[in-house]
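This report concerns only the one structure given below.
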Amino acid sequence: MLGLKLPTDPRWVDLASMSLEEILTDHAYCEQKAATSCISLIQQYPDKKELIEQVSPVVTEEWGHFRMVLKEMEDRGLQLGFQRKDEYVNRLLGFQKKGGSREDRLIEKLLVCALIEARSCERFRLLSEELEDENLRKFYHKFMVAEAGHYKMFIELARQYGGREKVDKRWQEYLMFEAEMLKELELRGDRMH
């Protein structure tokens, strides 16, 4: 369903399980940034009625996810650390086409959001299936389901505003870029991406 061209290295889950405080900290900030990205889309495109209707509830949902991760950390006696640079997202942002029409820029933003959600969904699935802690497996299953829905929403919005053929072509370019990028990025268990 996600169409990712390169699966996550299976060693990632083992590394993440050894860095629980760090992975949960990074996850919390990812949820916070997702909420902020949705707010930014609404602020930049207030004339896009369908976008506002679909993205507005995601702001609340992502902020709720942030709070869920904080609660999980608190229950485990873990402390939220400092936010770290997200090289994965920064490289995706660097791949965005610059310039073009306002709609072209919207499509690029929606596709970046879709790809981040797709990769998050895939990683949450791995955590939900492979972590030893049963409670954490259930915890991450909920996030996997939510991210799948967000991924689909962003792709469909991009198609609505940019046309299926154009968007699907650009989506394939993003998927190929992301696969090559993952080969270059250091495999780290303290990062969601």
Q: Kindly provide the set of residues from the stretch 101-112 that are crowded, with 23+ Cβ neighbours inside 10 Å and under 15 Å from residue 52 (Cα atoms), ordered by number.
A: 107, 110
Q: Can you run down the residue pairs with Cβ atoms below 8 Å, 6 or more apart or on separate chains, where the first is in the stretch 175-193 and within 20 Å of residue 23 (Cβ to Cβ) and the partner is in a loop (DSSP other than H, G, I, E, B) and of a type in the set (Gly, Ala, Ser)?
A: 189/19; 190/19
Q) Restricting attention to the stretch 103-125, which residues are closer than 12 Å to residue 149 by Cα and either charged (D, E, K, R) or free of Cβ contacts under 8 Å to residues at least 40 places away in the same chain (or both)? A) 117
Q. Checking residue 84 against (1) among the basic types (Lys, Arg); (2) closer than 13 Å to residue 193 by Cα; (3) crowded, with 17+ Cβ neighbours inside 10 Å, which test does it fail?
A. (3)
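Each reported figure results from applying straightforward, stated rules to the coordinates on display, with no laboratory input. Note that the structure is a prediction, hence the values are computed from the model and not measured. Cβ: placed from backbone, ideal geometry, glycine included. Neighbour counts: every protein chain shown.
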